[in-house]
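Colleague: There's a structure below that I have some questions on.
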Amino acid sequence: MRLVIGSDHAGWSLKKAVIDHVRSLGHEVVDVGSYDENPVDFPDIARAVAQKVTSGEVARGIMVCGTGVGASIAANKMKGIRAAVCHDVHSAHQSVEHDDVNVMCIGAQIVGPWLANDLISSFLAAEFSTDEDFRRRVQKLHEMDAEG
């Protein structure tokens with residue numbers, strides 16, 4: 001799977017471990033920054049992540065910021081994005097299985113590399129359910145997105 005990964009300065013320290021883990025699983029990574037600890041605005045990185053996902057260039061995205069919350073808010077502002085903060089393994093896979101989440105956001109100040117690896121493995125292994133209830137609900141999200 002081809003993925004996009006981005007971080008702000010608060011998530012930069014965890015991003016290298018995230019990229020290394022994703023590559024160790026056999027996935028390709030597009031890195032949209034940040035590239036050092038210098039301050040950067042998370043909405044700019046979230047926009048870059050979202051654009052790669054919505055263009056179809058990548059299948060999913062991962063955002064790393066301080067808590068994951070700002071990244072999630074910013075990514076969800078972009079049409080076609082369903083981003084979720086995932087700090088437990090159950091949410092990491094169920095967000096994809098039930099809600100077809102395409103961007104996972106994690107907080108470097110909340111989780112360390114070991115848990116981040118488990119979250120990412122769970123997120124990437126998950127597939128959107130074929131259950132009609134979940135499909136119907138996500139279709140309603142698409143309709144809400146189209147309404148603007």
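Colleague: Helix-only estimate, please: 222 nm mean residue ellipticity of the chain, summing -39500 (n - 2.57) across DSSP H runs of length 4 or more and dividing by its residues, to the nearest 500.
Modeller: My calculation for the chain gives -15500 deg cm²/dmol from helical runs alone.
Colleague: Sticking with this structure for a sec: Computed on alpha carbon atoms, what radius of gyration and Dmax characterise region 109-148, expressed in Å?
Modeller: 15.2, 40
Colleague: I've got another one for you. Where in region 79-103 does the amide nitrogen come within less than 17 Å of the point 7 Å from the Cα of residue 125, taken along Cα to Cβ?
Modeller: Within reach of a label on residue 125, which here means backbone N under 17 Å from a point 7 Å along Cα→Cβ, region 79-103 contributes 87-98.
Colleague: Distance from the Cα centre of region 37-85 to that of region 104-125, in angstrom?
Modeller: 15
Colleague: Right, something else. Looking only at trypsin sites (Lys or Arg not before Pro) in DSSP loops with at most 15 other Cβ atoms within 10 Å, what is the longest site-free stretch of the chain?
Modeller: Answer - 1-76.
Colleague: Explain nothing, just the number: dipole magnitude of region 2-147 about its Cα centre with +1 on each Lys and Arg Cβ and -1 on each Asp and Glu Cβ, in debye rounded to the nearest 20.
Modeller: Using only the charged Cβ atoms, the result is roughly 160 debye.
Colleague: Quick one: plug the Kirkwood hydrodynamic radius of the chain (C-alpha pairs) into Stokes-Einstein at 20 °C, 1.002 mPa s, and report D in µm²/s.
Modeller: Using the Kirkwood radius from Cα pairs, D works out to 144 µm²/s.
Colleague: What distance in nm separates the two pseudo spin-label positions at residue 38 and residue 87, each 7 Å out from Cα along the beta-carbon direction?
Modeller: Taking the two extended label points, one gets 3.0 nm.
Colleague: Also, I was wondering about something else. Where does the longest stretch of the chain lie that holds no GluC sites (Glu not before Pro) found in a DSSP loop with 15 or fewer other Cβ atoms within 10 Å?
Modeller: 58-126
Each reported figure results from applying straightforward, stated rules to the coordinates on display, with no laboratory input. These numbers were taken from a predicted model, which means no experiment stands behind them. FYI the Cβ positions are ideal-geometry reconstructions off the backbone, even for glycines, and counts take in every protein chain you see.
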